[in-house]
Amino acid sequence: PPLIDALVHAINVVKDSAAAYLTNQQAGNEMPSLLQDAHHYAIHRSIAACLTSLPETVLLPPGQDYVHRIPSVDRGSLRAASMELRCNETGMEKAMTVLIQSTGNVYDDSSAARLLGMCEAWARYVAVPIHVIDESVGKVAVQFMHISKGTPATIEQQKVQSLAFQYLVSTFEAALPTLSVSDILTAALGVGATGLQNGKKKQGNKSKKRNEKRLDRAKAVEDESSQSQAEEELLARKNAACAAAAAAFGISTSHTGDDWGLRLASSCPTTTSHAICSTVAAAATSVLPHLLWLERNDGPSQQWRIELFSVIIAAIQRMCKSQDRDTRALAYEALMILHSALNSVTAVSCRVEQIAIDSICECALSLSASCAYPLNYFDNLYENNDEDLEIERNDVRDVCRSVCSLDSGNYGSDESKSPSIMILNRIVSACHSAVTGTDPAVLPSEAVVHALSSLAKPLNKLGNKCLEHSDEEGCTILFKALDSFGFVFQILNSLIERLPHSKTLPLSRLVLIGFASLAPLLSSVAHMALRSTTETERHLIEIFEKTLCAGIQQALLATAQIPELVAESTLELTRYDIKGAMRGPGGEDHVGCIALIRMSNESDVLRSSVFKVCGESILQDLTNLHHALKRIEVERGVGVDYGKGVTHTKGLGYLLLSDGWLDGDVFGR
């Protein structure tokens, strides 16, 4: 008989035996009601415990967990049991029916907890049937996701709510975009550990090859239907995730108001918890890419898909605007995975794609604004940096760079641009408007420059593409980016000698790092000037020369005015050094020196452009700077490696003696 029937039969034998024994002890009289209740309660608990532990016992791939050893069971029998539990009629749907029947179809807090706990245990390993989603999520879980209005939730209700969230997260994680048909086949055929836990953990090359051989041998034993069954299960998992999200947000029910399930929970700041935000983030990671796929490939657009997509992405936008750092961090993965799915086509063709682009831009800008340095953060440059803040800023840079990534080479067509280009254009335009709208007597927003500087990699790729093939829109994006940097340089150049280091250091450091990172783009534009150009390209070349001149001037001024270290370094004790460190990532040289070296070494054409816009006097400026810093170093005394004028003279020496700056061809000699 099926495993579930065998388990239930065994428990019923115990039940009947216990009942007969008690009847005999009562000399034929009926059992007291309290004893009957206890008897039924014990049977229900036993059934729930057995059904909850069954999927992990049978379906967990051997070796996946260090405590889960390969069972002493014939592999063929194990595969047959695995396939049986993956079938609705003999698997999860039957298990839920049996458990509900054991409660008499009554849902109190305790029975709801056992039902959701059992469903969560199964959801980790199999595709949850839609009927089970409707019963467990639509009728039970959402009842405990409502925000209590007046009466505080009991401890038991809090437990059920926690189980409801765990169940949803397991359902979503079982349908991650990284999960493949091969992963499902490996688990279904009992081959062994795949090196993947919910599709997240990477697998070594040797382990992967061994696993592929085992999988091939197992597939050879099975019939040809195993591959198609795995494909169907993968699709069923993704459909189940969408159904669960729709039920949780009230999309697929008649209750579509704003007070339903997760919709209110994820939109109310006073009640939003880590469990709610984690569930929303898991839903976004799994459900949004599949909804996007359905809209592209599954016939005409359907309203419920658009509504569900909009509700989930709106919740992610609220998370990105949260005051809590951990809440914002939960949105990172969802945004990057959504962009990856979005950028798999060359052009935007449906409404959901446009919603995704708008939302990703909004989220990226919100995250950048949220991790700005606090007011007066740099008042004491001798203090250590806030490491949590610096880590968040690095993560946000990664997110901004990822959602604008052009690594796939998808630039779209002349008629329609790719999603990445559209996102890049929107973010660069927003930063350009914010920077150029700044009063020239005030320093621009550091948060805006931070967002703009994170886009160096996609901008460099776009610059190379525009060099190879003329692109009007691409040149417009590059124009706005370079114009923004030039505007920041001009303001800094005019104020750097009048403002204290606490005001100029963070912005100067950031914009010079961005300037150095954009060296490939600057080189592409310099090469562009050597060929015949369009009007748009000529405007780009003009702003390039203006920005290059202002950037070189800022690099010189920053090196002269802002010391590499205002106080003794703490890198031996901390990860991010003191706040008053004018260094590049990793603790290298002064960022002004780094920028000058990149302009010198990136290409001969860029170096020639530097002399064109700055004149040959730049060599004298560099020499004077080196002498001035060397003089200050001597005056400061032996052993003092921080304070006024501190810059690695070896860096400046390398700069002055490099073949780039001293190349005779630069002067036409």
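The values are calculated or read from the model by the stated rules, or taken from the named source; none is laboratory data. On a predicted model such as this, the values are computed, not experimentally measured, just so you know. Glycine also receives a Cβ, built like all others from the backbone with ideal geometry; neighbour counts cover every protein chain displayed. Heads up: the accessible areas ignore ligands, DNA and RNA and are worked out on the full protein's heavy atoms, side chains in. Shrake-Rupley method; radii C 1.70, N 1.55, O 1.52, S 1.80 Å.
Numerical summary
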| quantity | calculated |
| --- | --- |
| Pairs with Cβ under 8 Å, 6+ apart, first in the range 115-126 and buried (at least 24 other Cβ atoms within 10 Å of the Cβ), second of a type in the set (D, E, K, R) | VAL126/ARG86; VAL126/GLU233 |
| Any hit, the range 99-108, residues being small (Gly, Ala, Ser) and modelled with pLDDT under 80 | yes |
| Selection from the range 292-349 of residues that are in contact (Cβ under 8 Å) with a residue 24 or more places away in the chain, open to solvent by 30 Å² or more (accessible area, probe 1.4 Å), assigned to a helix (DSSP H, G or I) and of a type outside the set (A, V, I, L, M) | TRP293, ARG296, TRP304, GLU307, SER310, GLN317, ARG318, ARG325, ASP326, GLU333, SER340 |
| Breaking point among (1) farther than 20 Å from CYS371 by Cβ; (2) surrounded by fewer than 24 Cβ atoms within 10 Å (Cβ to Cβ), for ALA283 | (2) |
| First in the range 385-402 and at pLDDT below 95, second anywhere and acidic (Asp, Glu) and exposed (fewer than 15 other Cβ atoms within 10 Å of the Cβ), Cβ under 7 Å, 6 or more apart | none |
| Output for the range 355-379, where each listed residue is of a type in the set (S, T, N, Q) and within 15 Å of VAL403 (Cβ to Cβ) | SER359, SER366, SER368 |
| Residue selected from the range 227-256 under the condition small (Gly, Ala, Ser), open to solvent by 10 Å² or more (accessible area, probe 1.4 Å) and at pLDDT 75 or above, by the criterion farthest from ALA281 (Cα to Cα) | SER228 |
| Qualifying helices (runs of 4 or more DSSP H) (wholly inside the range 73-130; at least 3 residues being over 29 Å from MET145 (Cα atoms)) | 75-85 |
| Meets criteria (open to solvent by less than 60 Å² (accessible area, probe 1.4 Å) and either free of Cβ contacts under 8 Å to residues at least 40 places away in the same chain or not in a loop (DSSP other than H, G, I, E, B) (or both)) for THR623 | yes |
| Criterion violated by VAL525 - all others in (1) under 15 Å from ALA481 (Cβ atoms); (2) surrounded by fewer than 23 Cβ atoms within 10 Å (Cβ to Cβ) satisfied | (2) |
| Residue match in the range 607-614 (condition: closer than 21 Å to PHE489 by Cβ, of a type in the set (Gly, Ala, Ser) and either open to solvent by 10 Å² or more (accessible area, probe 1.4 Å) or without any contact (Cβ under 8 Å) to a residue 60 or more places away in the chain (or both)) | yes |
| Segments classed as helices (runs of 4 or more DSSP H), wholly inside the range 428-511, with at least 1 members that are open to solvent by 60 Å² or more (accessible area, probe 1.4 Å) and not charged (D, E, K, R) | 456-468, 472-495 |
| Matching option when the condition is touching a strand residue (DSSP E or B) at 6+ places or on another chain (Cβ under 6 Å) and of a type in the set (Ser, Thr, Tyr), among SER445, SER418 | SER418 |
| Sole exception among (1) out of contact with any Phe, Trp or Tyr (no Cβ under 7 Å at 6 or more places or on another chain); (2) modelled with pLDDT of 90 or more; (3) not charged (D, E, K, R) for CYS119, by number | (1) |
| Check on GLN354, without any contact (Cβ under 8 Å) to a residue 24 or more places away in the chain and in a helix (DSSP H, G or I) | yes |
| Scan of the range 397-427 for residues that are basic (Lys, Arg) and more than 17 Å from the chain's Cα centre (by Cα), ordered by number | LYS417, ARG426 |
| Residue match in the range 514-531 (condition: without any contact (Cβ under 8 Å) to a residue 40 or more places away in the chain, assigned to a loop (DSSP other than H, G, I, E, B) and more than 21 Å from GLU564 (Cα to Cα)) | yes |
| Residues of the range 412-427 that turn out to be open to solvent by 30 Å² or more (accessible area, probe 1.4 Å) and assigned to a helix (DSSP H, G or I), as a count | 3 |
| Answer from GLU602, GLU535, GLU545 - the residue that is among the acidic types (Asp, Glu) and farther than 23 Å from THR436 by Cα | GLU602 |
| Some residue of the range 581-604 being open to solvent by less than 50 Å² (accessible area, probe 1.4 Å), in contact (Cβ under 8 Å) with a residue 60 or more places away in the chain, over 16 Å from ILE513 (Cβ atoms) and among the aliphatic types (A, V, I, L, M) | no |
| Test: residue in the range 28-40 that is under 28 Å from LEU85 (Cβ atoms) and either of a type outside the set (D, E, K, R) or at pLDDT 75 or above (or both) | yes |
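Yes/no matrix, rows are residues, columns are (1) at pLDDT 75 or above; (2) touching a helix residue (DSSP H, G or I) at 6+ places or on another chain (Cβ under 6 Å):
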position	(1), (2)
GLN158	yes, no
LEU163	yes, yes
LEU176	yes, yes
LEU179	yes, no
LEU189	no, yes
ASN198	no, yes
GLY204	no, no
LYS209	no, no
